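*Asks:* Input: one structure, supplied below.
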Amino acid sequence: MAYSDKVLDHYTNPRNVGSLDKASAEVGTGLVGAPECGDVMKLQIKVNPETKIIEDAKFKTFGCGSAIASSSLATEWVKGKTVDEALEIKNTDIVKELSLPPVKIHCSVLAEDAIRAAIGDWKKKQQDEA
Amino acid sequence: MANESNGAVKLPIYMDNHATTQMDPRVLEAMLPYFSETFGNAASRNHEFGWAAEQAVEQAREQIAKLIGTTSKEIIFTSGATESDNLAIKGVAEMYREKGNHIITQATEHKAVLDTCKRLEKHGFRVTYLPVQKDGRIDLDDLKRAIDDKTILVTIMAANNEIGALQPIREIGQICHEKGVIFHSDAVQAIGKVPFNVIQDNVDLASITGHKIYGPKGCGALYVRRKSPRVQLVAQIDGGGHERGMRSGTLNVPGIVGLGKACEIAMNEMAEESKYLSGLRDSLRDQIMSNLDEVYINGSVEHRLPNNLNISFAFVEGESLLMGINDIAVSSGSACTSATLEPSYVLKALGAGDDLAHSSIRFGLGRFNTQAEVDYVAKKVVDTVKRLRELSPLYEMHKEGIDITKVQWAAEGQH
C-alpha cells in the first residue's frame, strides 16, 4: 500500500508522543480501540481551568501507520483549541488532511473517538470536583 | 552458492522466500533455449522439433522424480501448486465418490486446499478440519479418530507457509495406508528445504511448484502414485489428453525444464543449503531476541523449516513495523496487510490470540541471503520495534504492570 506523504511524515516524526499525569484534575485521558482489533489509541489533553483551552496534548498509539498519523494529527489540532472547539473536529477532516484510503477510514474514526473520550474524561473530573 | 558476507548490503533486501524466490541463474540458463530455437510442442510425435521438446520434458520429469524418491511415470505437470492441489483433491473426490464422501484436512492449510474443500462441501462432501496444537502440528490421535468408513482422502501439508511448521507426514501417511485412505500432501514449502520422499513418507499425491525453489512461476507438478496403492484421478481440464489423460493442455516446456533444473540443484545442494539457512535463521532469531523483551516465536521450534522465522513483537502492530523496515521485504500476519482485514488464520489457529497475530512478522530466508543482510535486518527490526514501543500505549501499560488481556476494552466485540 502506498502511504501519503503526510502519513509518512507523522509516522516518521510523530508529534506530541508521551503521557500526561492521568491523576491530575486538568488532564483528560481517552483510551479507545482494542488490541484484538489491531488498534489502541491513548490521547490525553491538559486543559486550562480558567480559559478551557487545551494547552497540551499527548498520544500513544498501537496500530498501523495511518492510526499513528491520525492520532498524531489529532494532538496537533486540539492544542490551542477550547474544549468545545475540539469537539467539532470530525474524522472526515482527518481523512482529508492525511489522504487516507477507504480501508483506513476507521483509523480516523478512532482518532475522533479518542478526542471525545479524552474530553469526556476531563468533563467527568470537573463534575466530580464540583 | 551464496553471496559472500562482506558487510555491505544492497537495498532493498528480499527476505520473503515463502512467497516466491528469485530464479537461480542456472535455472534461467537451462530454460533459455526452449523459448527460442528448441520451441517444439512436446506432443508433436512426428518431427524433430517435437522430439527435442519431449526429450527435455522427460529429463525434467526424471529430475523431479529423483528429488522426491519416485519414478518419472508418476509426475504430472501442471500450472503450479494451486492447480495441483485442485486436481488432487477434486480428482480423488470425483473418482472415489462411490466409495465415500468424507475428506480430512487441517486448519492451517493453504487456501488452495481449504477453498477446494469448501467447494466440495457444496457438492455433498463432508470435510473435517482438524485443529492444530500450539506448535502448529496436528495431533495424530485426532486424525485417527476422524477417519471413518466414508473417508476417501486426507490432505495435510508437509510444511506450513507462514510458520514453517513441519507436519508428521510419515506418520500421517502410515495411518492413512493402514486405513486404506489416500494421502495428499501440499509439499511446496518442504521440497528442496527438508528431505521429502514419497515412498518413505507414505505419500500418494504431492503438490510441487517451481517458483518456491528458485525455479519459474506458472509451472508445477503433481506426484500421482501408481502402485500400492494405485491412485486414479478424474481430470479437471478436458482437452487433448496430455499427461496420461490427467491434465490436458500443451506442456509449458521452458517452465518444465526450469522446474526440473531447480529440482536437480535442490537435490545436489539441499543438505548444505539447509545448514546454511538454519544458521542464518538462528542468527537472526538470536540477534532479535537478545535485544528485545516480549518477543514470541510462532510455531514449532523443533519441527520447522530451516529458512522460516515467524515472530510476534508484542505491543507493536505488524503493518506499522513493516512501514519502519520498508527497505526489507517480509510479510506480516496483521489484518491491515491482508485483503480481508482479518489477522492471519494460521496464527489464530495456534490459539495465540489475535493481538499476537497482529504483531507478527514472517521472515523467509533464501539461497541468496547473506549474513550481512541478516545483521542489517536484525538491527533495523530491533531499532524499529523499540521506537514503536515508545509510541505504544500497550507497552506503557505492560511496563506499569497492567495485564492487557484483563483490560475491558471499549471497542471489544465491535471489530
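The values are calculated or read from the model by the stated rules, or taken from the named source; none is laboratory data. Bear in mind the structure is a predicted one, so any value in this text is a computation, not a measurement. As a convention, Cβ positions derive from the backbone with ideal geometry for all residues, glycine included, and neighbour counts pool all protein chains shown. Note: accessible area is taken over every heavy atom of the protein model, side chains too, but ligands, DNA and RNA are not part of it. Shrake-Rupley method; radii C 1.70, N 1.55, O 1.52, S 1.80 Å.
*Asks:* Would you grab the residues whose amide H sits under 5 Å from the one on A:D39? Only those 5+ places off in sequence or on another chain, please, with H modelled 1.01 Å from N.
*Replies:* Long-range HN contacts for A:D39: A:A34.
*Asks:* I'd like the mean, over residues of A:38-44, of how many other protein chain beta carbons sit within 10 Å of each residue's own Cβ.
*Replies:* Mean number of neighbouring Cβ atoms from other chains: 6.
*Asks:* Take peptide A:24-31, look around each residue's Cβ out to 10 angstrom, count Cβ atoms belonging to other protein chains, and average those counts.
*Replies:* Counting other chains' Cβ atoms within 10 Å and averaging over A:24-31 gives 1.
*Asks:* Which Rg and Dmax, in Å, describe the Cα atoms of the range A:5-129?
*Replies:* 13.6, 44
*Asks:* Determine which aspartates and glutamates satisfy two conditions relative to A:K42: a Cα distance under 16 Å, and not lying fewer than 8 residues away in the same chain.
*Replies:* List returned: A:D21, A:D56, A:E76, A:E112, A:D113, A:D121, B:E317, B:E390, B:E396, B:E400, B:E412.
*Asks:* Find out how many positive minus negative residues lie around B:S72, taking Lys and Arg as positive, Asp and Glu as negative, among other residues whose Cβ is under 9 Å from that of B:S72. Intermediate values should be presented prior to the final figure.
*Replies:* Working: positive: B:R61, B:K66, B:K73; negative: B:E58, B:E62, B:E74.
Around B:S72, the charge tally is 0.
*Asks:* What is the angle, in °, between the Cα long axis of helix B:169-179 and the longest principal axis of the Cα atoms in chain B? Nearest 10 is fine, range 0 to 90.
*Replies:* Result, in degrees: 50.
*Asks:* Rg and Dmax in Å for chain B, alpha carbons only: what are they?
*Replies:* 22.5, 80
*Asks:* Using Cα pairs under 8 angstrom and six or more residues apart, how large is the relative contact order of chain B, in percent?
*Replies:* Numbers: 814 pairs, mean separation 90.4, N = 415.
In percent, rounded to a whole number, it is 22.
*Asks:* Oh, and also: Can you return the lysines within cross-link range of B:K217? Criterion is Cα-Cα under 16 Å, with same-chain partners fewer than 8 residues away left out.
*Replies:* Cross-link targets: B:K261.
*Asks:* If you line up the long axis of helix B:111-122 against the longest principal axis of chain B, both from Cα atoms, how many degrees apart are they, to the nearest 10?
*Replies:* Long axis of B:111-122 versus the principal axis of chain B: about 70 degrees.
*Asks:* Also: Give me a comma-separated list of calculated 3J(HN,Hα) values for the range B:45-60, in order, Karplus coefficients 6.51, -1.76, 1.60 applied at θ = phi - 60°, integers in Hz, x for any Gly or Pro.
*Replies:* 8, 10, 8, 5, 4, x, 4, 5, 5, 4, 4, 5, 5, 5, 5, 5
*Asks:* Treating the angle as unsigned and between 0 and 90°, give the value, to the nearest 10°, between the Cα long axis of helix B:371-390 and the longest Cα principal axis of chain B.
*Replies:* Orientation of helix B:371-390: about 40 degrees from the principal axis.
*Asks:* Now for a different question. May I ask you to list the aspartates and glutamates whose Cα is less than 16 Å away from that of B:K193, ignoring any residue fewer than eight positions away on the same chain?
*Replies:* Answer for B:K193, where 16 Å is the Cα cut-off: B:D16, B:D24, B:E162, B:D201, B:E264, B:E269, B:E272, B:E273, B:D282, B:E302, listed by chain and number.
*Asks:* Cross-link list B:K73/B:K122; A:K104/A:K124; B:K90/B:K134; A:K6/A:K90: which exceed 28 angstrom alpha carbon to alpha carbon?
*Replies:* Values: B:K73/B:K122 34 Å; A:K104/A:K124 31 Å; B:K90/B:K134 30 Å; A:K6/A:K90 18 Å.
Cα-Cα > 28 Å for B:K73/B:K122; A:K104/A:K124; B:K90/B:K134; rest within.
*Asks:* Shielding by partners for A:100-113, please: the mean number of other protein chain Cβ atoms within 10 Å of each residue's Cβ.
*Replies:* 1
*Asks:* In the range A:7-56, which GluC sites (Glu not before Pro) are in a loop and have at most 13 other Cβ atoms within 10 Å, using DSSP for the loop call?
*Replies:* On the way: sites: A:E26, A:E36, A:E50, A:E55; in loops: A:E26, A:E50.
Passing both the DSSP loop test and the Cβ count: A:E50.
*Asks:* Along the range B:219-227, what does the Karplus equation 6.51 cos²θ - 1.76 cosθ + 1.60 (θ = phi - 60°) give for ³J(HN,Hα), rounded to whole Hz, x for Gly and Pro?
*Replies:* 9, x, 8, 10, 7, 10, 5, 9, 8
*Asks:* Follow-up question, since we're still on this one. Test of the criteria: in the range B:228-313, which GluC sites (Glu not before Pro) are in a DSSP loop and have at most 13 other Cβ atoms within 10 angstrom of their Cβ? Intermediate results must be reported in sequence, preceding the final value.
*Replies:* Details: sites: B:E243, B:E264, B:E269, B:E272, B:E273, B:E294, B:E302; in loops: B:E294, B:E302.
Passing sites in the range B:228-313 are B:E302.
*Asks:* For chain B, what % of the accessible area comes from carbon and sulfur atoms, probe 1.4 Å?
*Replies:* About 50 percent, which is the carbon plus sulfur part of the accessible surface.
*Asks:* So if each residue of separation counts as 0.36 nm, and I subtract the Cα-Cα distance between B:S228 and B:E171, what length gain in nm does that give?
*Replies:* In short, 18.8 nm is gained.
*Asks:* Report, in listed order, any pair from B:K348/B:K399; B:K212/B:K386; B:K99/B:K144; A:K125/B:K386 with a Cα-Cα distance greater than 22 Å.
*Replies:* Values: B:K348/B:K399 26 Å; B:K212/B:K386 33 Å; B:K99/B:K144 19 Å; A:K125/B:K386 34 Å.
The answer is B:K348/B:K399; B:K212/B:K386; A:K125/B:K386.
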